[in-house]
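Structure, as structure tokens:
Rule-based calculations on the coordinates, nothing more; no lab input. These numbers were taken from a predicted model, which means no experiment stands behind them. Note that we place each Cβ from the backbone using ideal geometry, even for glycine, and neighbour counts take in every protein chain shown.
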Amino acid sequence: MAEDSQKIPTLVTLEERLTFQQRQLDELNEVILLQQAELERQRRELTKLANLAQGLLDRTGEDLPHEKPPHY
């Protein structure tokens, strides 16, 4: 009987730890999902900016004179 009474607190402790770890995993998973969404948003924004920059280069040409503006 004494052996069974020692197992119960150990089992309760293990269940508490498991519950805590499951909660931690759920929270970490949520953070990862948020970071993934933010990363995808930033990738889309970077692609837009790269396309915009390329469009500007295509319109103006790459052989721009490297002269100082007249106000210098």
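Can you sort Lys68, Lys48 so the residue with the fewest Cβ neighbours within 10 Å comes first?
Lys68, Lys48
Mind giving me the nanometre distance, one decimal, between the label points for Ile32 and Ala50, set 7 Å out from Cα along Cα→Cβ?
Output for this residue pair reads 2.6 nm.
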